[in-house]
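The values are calculated or read from the model by the stated rules, or taken from the named source; none is laboratory data. Computed from a predicted model, the values in this text were never measured in an experiment. Positions of Cβ are backbone-derived with ideal geometry, glycine not excepted, and every protein chain shown enters the neighbour counts.
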């Protein structure tokens with residue numbers, strides 16, 4: 001998230017909160033694609049993580065991007081922490097360990113998405129190369145210890161860093177040592193949102209397996225294909241997970257709100273100051289629990305929107321739906337992840353077929369997938385076959401959905417072209433982590449420094 005809001009519009013009821021989500025409903029003609037991706041900055045001379053300050057730090061890269069792009073500067077306590085393109089709708093932000101994130105503009109088609117990603121990476125190289133900085137696309141920092149990670153000067157991250165060890169053993173790894181690719185997609189009605197949430201939650205482990213790309217920790221294999229996904233299982237159970245209640249009868253905007261109300265908050269922002277309110281739920285906040293403890297203790301729309309941004313389920317609901325299950329990866333995967341989900345969710349017929357595929361999966365089966373995929377990815381057993389079998393079905397559905405959209409490139413290709421890396425991987429029965437491990441045990445001869453050359457953008 002590029003910036004926290006300070007919208008002072010008062011809120012008083014659950015219906016008020018549900019209305020903020022329902023406001024995301026829009027006609028299909030207005031559906032857009034918003035792609036986000038993170039990457040690790042490193043010193044090319046020794047493959048170490050770049051700090052925030054200094055001649056070749058995150059601050060210098062952000063300021064270089066500011067000069068190049070002319071985007072609006074975002075600051076926290078006088079420090080630059082991001083940039084916003086108020087005309088196009090995109091933003092650049094930094095994650096706790098310096099992961100450099102592009103939150104893409106809302107775009108009409110995947111060809112535009114891919115051009116945006118390529119242009120962004122070209123701009124980053126233009127700024128970073130003279131500084132001796134490279135950027136790496138994987139799901140977890142492969143060689144850096146947690147204590148080696150820099151800390152970014154964002155007030156919300158200080159609060160989260162203090163809180164995470166109280167609610168899980170791997171939350172700090174999530175914050176400082178992982179990166180992701182995700183896509184934000186629209187819904188037409190509450191019923192459309194519900195179907196997309198259910199398909200997204202059921203198939204999120206399948207996407208995790210397809211994009212698994214974090215098999216190394218502290219310079220050696222960690223025994224997982226997506227250790228990033230494993231980290232999410234022990235981060236903070238109050239705000240993470242596959243939300244089984246989304247499959248209950250009656251699920252909708254109000255039920256999501258009811259869940260969110262009982263998740264402890266991180267902070268309340270008043271002006272430019274962040275107040276640590278960890279342990280207080282939003283429901284308690286609405287019932288006066290912070291009276292006398294923070295200035296203006298009446299909940300506002302800004303408080304609610306900030307709270308929603310600190311919930312981390314596998315699929316997150318705001319005024320759009322966020323697909324959150326994929327590891328960071330090479331540039332072709334930045335285009336492939338949104339392609340997979342757009343193909344599945346944006347054609348009504350294909351969405352119905354995807355729902356038919358998953359509607360009889362039990363809560364226990366979904367939980368088993370989520371638990372098994374981090375370690376074995378495409379080889380995870382499922383019913384009479386494996387996740388690879390399901391992934392091939394999912395790919396075929398996505399390809400059909402993209403074909404039906406008929407969004408053509410300048411070269412007269414439809415959006416299926418962006419699924420090529422997924423198609424190649426599934427044909428070989430391999431996720432990106434399988435390829436990394438193959439190289440580590442083969443041509444790299446156990447030398448992980450190779451990853452900084454072969455997987456840098």
For residue 59: the one exception among (1) buried (at least 19 other Cβ atoms within 10 Å of the Cβ); (2) free of Cβ contacts under 8 Å to residues at least 24 places away in the same chain; (3) over 22 Å from residue 457 (Cα atoms): (3)
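So which of 415, 406, 423, 375 is in contact (Cβ under 8 Å) with a residue 12 or more places away in the chain, out of contact with any strand residue (DSSP E or B) (no Cβ under 7 Å at 6 or more places or on another chain) and within 25 Å of residue 193 (Cβ to Cβ)? Even if it seems obvious, please write down each step before you answer.
Details: 406 fails: in contact (Cβ under 8 Å) with a residue 12 or more places away in the chain; 423 fails: within 25 Å of residue 193 (Cβ to Cβ); 375 fails: within 25 Å of residue 193 (Cβ to Cβ).
Just a single option satisfies the conditions, and that option is 415.
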Qualifying positions in region 66-100 - farther than 15 Å from residue 36 by Cα, part of a loop (DSSP other than H, G, I, E, B) and touching a strand residue (DSSP E or B) at 6+ places or on another chain (Cβ under 8 Å): 71, 86, 97, 98
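Could you pull out the residue among 251, 187, 216 that is in contact (Cβ under 8 Å) with a residue 40 or more places away in the chain, more than 15 Å from residue 312 (Cβ to Cβ), in contact with a helix residue (DSSP H, G or I) (Cβ under 6 Å, 6 or more places away or on another chain) and surrounded by fewer than 24 Cβ atoms within 10 Å (Cβ to Cβ)?
Working: 187 fails: surrounded by fewer than 24 Cβ atoms within 10 Å (Cβ to Cβ); 216 fails: in contact with a helix residue (DSSP H, G or I) (Cβ under 6 Å, 6 or more places away or on another chain).
Matching residue, one of 251, 187, 216: 251.
Look at residue 105 and say whether it is at pLDDT 95 or above, within 30 Å of residue 346 (Cβ to Cβ), touching a helix residue (DSSP H, G or I) at 6+ places or on another chain (Cβ under 7 Å) and assigned to a loop (DSSP other than H, G, I, E, B). Please lay out each step first, then the result.
Numbers: at pLDDT 95 or above: yes; within 30 Å of residue 346 (Cβ to Cβ): yes; touching a helix residue (DSSP H, G or I) at 6+ places or on another chain (Cβ under 7 Å): yes; assigned to a loop (DSSP other than H, G, I, E, B): yes.
Considered against the rule, which asks whether it is at pLDDT 95 or above, within 30 Å of residue 346 (Cβ to Cβ), touching a helix residue (DSSP H, G or I) at 6+ places or on another chain (Cβ under 7 Å) and assigned to a loop (DSSP other than H, G, I, E, B), residue 105 comes out as yes.
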Checklist (1) surrounded by 18 or more Cβ atoms within 10 Å (Cβ to Cβ); (2) closer than 16 Å to residue 83 by Cβ applied to residue 119, failing item: (1)
Residues within region 254-276 that are under 21 Å from the mean Cα position of the chain (by Cα) and closer than 14 Å to residue 14 by Cα, tallied: 4
One residue from 301, 317 being over 30 Å from residue 430 (Cβ atoms) and surrounded by 18 or more Cβ atoms within 10 Å (Cβ to Cβ): 317
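Can you tell me which residue among 103, 48 is in contact with a strand residue (DSSP E or B) (Cβ under 7 Å, 6 or more places away or on another chain), surrounded by fewer than 17 Cβ atoms within 10 Å (Cβ to Cβ) and in contact (Cβ under 8 Å) with a residue 60 or more places away in the chain? I'd like the intermediate steps shown before the answer.
Working: 103 fails: surrounded by fewer than 17 Cβ atoms within 10 Å (Cβ to Cβ).
Criteria check complete, one pass: 48.
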Scope region 428-450; condition in a helix (DSSP H, G or I) and in contact with a helix residue (DSSP H, G or I) (Cβ under 9 Å, 6 or more places away or on another chain); matching residues: 428, 432, 433, 434, 435, 436, 439, 440, 450
Condition met for residue 41 (surrounded by 20 or more Cβ atoms within 10 Å (Cβ to Cβ), touching a residue at least 24 places away in the same chain (Cβ under 8 Å) and either in a strand (DSSP E or B) or more than 24 Å from the chain's Cα centre (by Cα) (or both)): yes
Condition check for residue 336: surrounded by 24 or more Cβ atoms within 10 Å (Cβ to Cβ), in a helix (DSSP H, G or I) and at pLDDT 95 or above: yes
Region 158-170 residues that are closer than 18 Å to residue 268 by Cβ, paired with ones that are not in a loop (DSSP other than H, G, I, E, B) (beta carbon under 6 Å, 6 or more apart): 159/267; 159/276
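Could you name every one of the helices (runs of 4 or more DSSP H) located completely within region 210-297 that has at least 2 residues being over 20 Å from residue 326 (Cβ atoms) and touching a strand residue (DSSP E or B) at 6+ places or on another chain (Cβ under 9 Å)?
Working: elements: 227-232, 253-261, 282-286.
Here the list reads 253-261, 282-286.
Among the candidates 360, 347, 314, single out the residue that is at pLDDT 95 or above and touching a strand residue (DSSP E or B) at 6+ places or on another chain (Cβ under 7 Å). Lay out the reasoning, then the answer.
On the way: 360 fails: touching a strand residue (DSSP E or B) at 6+ places or on another chain (Cβ under 7 Å); 347 fails: touching a strand residue (DSSP E or B) at 6+ places or on another chain (Cβ under 7 Å).
When all the criteria are applied, what remains is 314.
Determine, yes or no, whether residue 143 is in a loop (DSSP other than H, G, I, E, B), touching a residue at least 12 places away in the same chain (Cβ under 8 Å) and over 16 Å from the mean Cα position of the chain (by Cα). Walk me through how you get there before you give the answer.
Numbers: in a loop (DSSP other than H, G, I, E, B): yes; touching a residue at least 12 places away in the same chain (Cβ under 8 Å): yes; over 16 Å from the mean Cα position of the chain (by Cα): yes.
Answer is yes for this residue.
Quickly run through region 155-184 and pick out the residues that are assigned to a loop (DSSP other than H, G, I, E, B) and buried (at least 22 other Cβ atoms within 10 Å of the Cβ). Walk me through it before giving the result.
Filtering region 155-184 for residues assigned to a loop (DSSP other than H, G, I, E, B) gives 168-170, 179.
Within region 155-184, just 179 meets the criteria.
Just checking, how many residues over region 6-23 are assigned to a loop (DSSP other than H, G, I, E, B), more than 14 Å from residue 282 (Cα to Cα) and in contact with a helix residue (DSSP H, G or I) (Cβ under 8 Å, 6 or more places away or on another chain)?
The initial filter retains those residues of region 6-23 that are assigned to a loop (DSSP other than H, G, I, E, B), namely 6-9, 11-13, 23.
If we keep only those that are more than 14 Å from residue 282 (Cα to Cα) as well, we get 6-9, 23.
Restricting the remaining residues to those that are in contact with a helix residue (DSSP H, G or I) (Cβ under 8 Å, 6 or more places away or on another chain) gives 6-9.
Count: 4.
Please indicate, with yes or no, whether at least one residue in region 321-342 is without any contact (Cβ under 8 Å) to a residue 24 or more places away in the chain and either more than 15 Å from the chain's Cα centre (by Cα) or under 24 Å from residue 252 (Cβ atoms) (or both). Steps first, please.
The initial filter retains those residues of region 321-342 that are without any contact (Cβ under 8 Å) to a residue 24 or more places away in the chain, namely none.
No; the residues of region 321-342 include none that is without any contact (Cβ under 8 Å) to a residue 24 or more places away in the chain and either more than 15 Å from the chain's Cα centre (by Cα) or under 24 Å from residue 252 (Cβ atoms) (or both).
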Residue satisfying condition, being under 30 Å from residue 126 (Cβ atoms) and buried (at least 17 other Cβ atoms within 10 Å of the Cβ), within set 457, 440: 457
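What residue, of 119, 112, 99, is at pLDDT 95 or above and within 25 Å of residue 149 (Cβ to Cβ)?
Of the residues listed, the single one that is at pLDDT 95 or above and within 25 Å of residue 149 (Cβ to Cβ) is 99.
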Neighbours by Cβ (under 8 Å, 6+ apart or cross-chain): first from region 274-302, on the phi > 0 side of the Ramachandran plot; second not in a loop (DSSP other than H, G, I, E, B): 279/264; 296/270
